[in-house]
1. Would you check which residues across segment B:255-303 are among the charged types (D, E, K, R) and under 9 Å from the mean Cα position of the chain (by Cα) and list them?
2. Taking B:ILE438, is it touching a Pro at 6+ places or on another chain (Cβ under 9 Å) and closer than 23 Å to B:VAL297 by Cα?
3. Working only within segment B:331-378, note down all residues that are basic (Lys, Arg) and over 11 Å from B:GLY425 (Cβ atoms).
4. Name, by its number, the condition in (1) outside any helix (DSSP H, G or I); (2) free of Cβ contacts under 8 Å to residues at least 24 places away in the same chain; (3) of a type outside the set (Phe, Trp, Tyr) that does not hold for B:ALA612.
5. Being under 29 Å from A:ALA95 (Cα atoms), within 9 Å of chain C (Cβ to nearest Cβ) and of a type outside the set (S, T, N, Q) is the filter here; which residues of segment A:21-54 pass it?
6. Among the residues of segment B:662-682, are any within 14 Å of another protein chain (Cβ to nearest Cβ), surrounded by 11 or more Cβ atoms within 10 Å (Cβ to Cβ) and not in a helix (DSSP H, G or I)?
7. What are the residues in segment B:623-658 that are more than 8 Å from every other protein chain (Cβ to nearest Cβ) and of a type in the set (S, T, N, Q), if any?
8. Mind checking whether some residue in segment B:497-510 is out of contact with any helix residue (DSSP H, G or I) (no Cβ under 7 Å at 6 or more places or on another chain), surrounded by fewer than 19 Cβ atoms within 10 Å (Cβ to Cβ) and β-branched (Val, Ile, Thr)?
Amino acid sequence: MVAVQFYLLLSAAIFCIGLFGILTRRNVLFFLMSVELMLNAANINLVAFSFQYGNLTGQVFSLFITALAAAEVAVGIGIMLVLYRNFGDVDVTKATTLRW
Amino acid sequence: MAATSTAFAFEVAPAIAILPLASFVIALFAGKYLPKGGALAGIAATGGSLLLSLWIALTVAGGATYNEEIYSLVTTPNSFDLHFGLLLDPLSALMLVIVSLVSFLVHLFSLGYMNDEGERGLPRYYAGLGLFSFSMLAFVFADNLFMSFVFFELVGLCSWLLIGHWYREEAPPSAAKKAFLVTRFGDYFFLVGVVAIFATFGTTLFAGPESFPTLAEEALAGAGGGEAGGGAGELSTFGFGPGTWFTVLGFLVLGGVIGKSAQFPLHTWLPDAMEGPTPVSALIHAATMVAAGVYLVARMYGFYALSPTALAVIAFVGGFTALFAASMAVVKRDIKQVLAYSTISQYGYMMLGLGAGGYVAAVFHLMTHAFFKALLFLGAGAVIIAMHHRQDMWEMGGLKEKLPVTYYAFLAGSLALAGIFPFAGFWSKDEILYEALIHGLNDPLLLGGYLMGLTAIVFTGFYTFRMVLLTFHGEPRTHTARNPHSLGWSVKVPLVVLGVLATVIGLINMTPVAEATGLHIEYLHTWLEHGIPGLTVEHYDEVLETVAGYSAASLSPLLPAVLSLALALAGAGLAWALYSGPDPDHHTERLGDIRTLLMNNYYQDEYQVWIAETFGTGVARLSDRFDQSIVDGAVNGISEVSLLSGDRIRRIQTGIVSNYATLLTLGLVVLLLSVGLAGGWFL
Amino acid sequence: MPTRPHLNLGSHLLSGLVAVALFAVLATVFLTASFGAPQGFGGAQVTPSIGYAMFDLSGGEIPSDSFLAAFEIIDLVLLAALAAAVMLARREADGKLIGIESIRTDGGRPRDTTSASDTDVETEPNAAADGDGDREGAN
């Protein structure tokens, strides 16, 4: 059996890859993909601990998170469309008007 | 039955002050709808106060006293509390009667002086009188120094309101401001004194085992007993010896007293205060404002008696003021100015009496003076009505036939003021001088005060009779004096009442007669002997002897009495010789430069204005600079820093999502690291 | 024109270092932490148990919470997300947005920056005369 640390390490790696994408990319599409990665990193955690404690709750939760990710992407793409209409681009650094 | 009626009398005692307060409110808000502009409410209120005061006095005469807290403002568990309370003992009961009587008569007189003359602003005037009476009555029965201070200040405010009653003219507002500012200057010291007494004793009660005079006395006894940490150990005396420190406290409070009681050098406001309506002058001089200072010293006499230095200074300042003011009164032309300087002079006598250990004598003079000075001012007011508001004595003359009631009343008051046997002033002033003499034989400072007081008698006799002769005797010198205005009953009644009092009130304490005959007729002495322990004459005498080291030389009171009477008669006789003719000359012109000096009041105003302008402006400029640069600078600096830092820090908000994400992540890393380091996750 | 993927290195990657740092911290913590041996499911059937748990049915072999309410809520959330996505994305025939004209995503500034600068030019004829060309370039 694989010890739970390594699942955690994997999940942390995937999460940080998603985070790296968010921090360095400027395209909204890449943002959405990176968020997917991060969500799935969380799923890995849930499943790993579900196995660790012999309880199914984590697994069921990961299914729900998958559904939520779908909702998030639906709204995210809608936002992306509006962004494109307003700023003529999908570059997130162009939309800087939401500030002082 | 007796016990319950006593308790009930003390229950309703606050109403003595509340009634004039109610008349203040009525006159202020409803005065213009009422007949006589609210005067009747004031008369009813002060009349009620007078009756209640008499009842209290009767109750106190039965041996009962009252010393209770009635309303607590601030209470702190371990240090001190600020409260209003009632202290009813023989002294305050006596003073309540005096104040309410004078106040009542002044209200009555105002009907003739203000209403019948068609003055404007009557509601304001009567509201002022009501508030004035309220403040003074509350000041009189205050049971602690804090409450005294509050009402002391209120009295000052009311004097400002009333002196400046005719605010459309030029002089009264200026005089009102001067009165307010000069007394305020003294009150600064008083305020510091109150705070210092709080800091030292933790209480400002006048009476009882926890009162500050008692604590001070115990502290001195402890220190005198050789125990280094004895009674004084409980009190913080700020590094001074208890005796020195108590003297300092006494001087601080004395600052307020000197301001209010118009003692040298803070007397300059009082002659100017004559710009107010004459009944107000009567009220200020006889019973309320000026009396407040002397009354305060009498109230906390147990404290002053502990400090021979403070007493000697009080006596010397009093004696000096008595002479100083009397000399200025000699040359004045305005009848009210003469009376004003006589007031300063008479209060000087009271201070001399208090300082010389003559507590009873000073209280006695306070009482007789209240009556005869109120009488003189109201008499002067009657003359002023008759003279169509002319006040120059050289325009008068020969009013004796036209105004007989006023003349005889005024004459009674003048005889009392001059100290002619057997009028009131003779007995009280004589007793003060006697006390000053017997204690002064062992103390040069007191002796100096006595000699000055003795000299002032000549001046007093002179200026009093100069005033009477110029006003009432001789031939009328102007058309107005030949056809004076007639006077109504509301003017005459107070004059008659006060005239009778000024004549006979001295009989209650005839010390020389008592000494000579062995009869027990010193009723005022007896009156002040009972009461709350620690506030009685015996106690004061004992403290004066043991702590202040006063010792009385044994001397018959007869000889000094004859001496002062002779001096008063000499002064009066001189005035008679100079001014008794049908058409007297301006004899004061012959004084030449001295007259100019006296007319200009020894240039007191000029030098005080010079001091104020030189030092005051400098201090004000410094304060202004401090305010502008440091206070405002700090405030502006804070706002400047906030604005600037806000302007800089908002640059973090770039509006770029990536930057926000970076900051969030950075924050998370820092948080994880710090929590992890604290929680030992990395071990 | 590059024909193959091109690694874009540059200072924009700098903020990615923070993500790397986070990974370092997490990895350190995880590797130093100790967990017990995993319990596992002991050979029980996982997928049917998930089905039972999701609909509050009894019969699952593996212990779990019940998720019917959560299931329904997720249903609603998905529906709402669908509606929101459609609303955000929809366009009228003539290309105008529907329903969200009032949503301003421009920080409250005048939408039409050129017209705003036109009024500026009108009110400041001198400035316009001095720097007309610059202004045009800036706009």
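The values are calculated or read from the model by the stated rules, or taken from the named source; none is laboratory data. As the structure is a computational prediction, the values presented were derived from the model and not from experiment. Using ideal geometry, Cβ is built from the backbone for each residue, glycine included, and neighbour counts are taken over all protein chains shown.
1. B:LYS260, the sole residue that qualifies.
2. Considered against the rule, which asks whether it is touching a Pro at 6+ places or on another chain (Cβ under 9 Å) and closer than 23 Å to B:VAL297 by Cα, B:ILE438 comes out as yes.
3. B:LYS332, B:ARG333, B:LYS336
4. Against the list (1) outside any helix (DSSP H, G or I); (2) free of Cβ contacts under 8 Å to residues at least 24 places away in the same chain; (3) of a type outside the set (Phe, Trp, Tyr), B:ALA612 comes up short only on (1).
5. A:GLY21, A:ILE22, A:LEU23, A:ARG25, A:ARG26, listed by residue number.
6. Looking for residues that are within 14 Å of another protein chain (Cβ to nearest Cβ), surrounded by 11 or more Cβ atoms within 10 Å (Cβ to Cβ) and not in a helix (DSSP H, G or I), one finds at least one in segment B:662-682, hence yes.
7. If the condition is that a residue be more than 8 Å from every other protein chain (Cβ to nearest Cβ) and of a type in the set (S, T, N, Q), then B:SER623, B:GLN628, B:SER629, B:ASN636, B:SER639, B:SER642, B:SER645 are the ones that fit.
8. The answer is yes; a qualifying residue exists.
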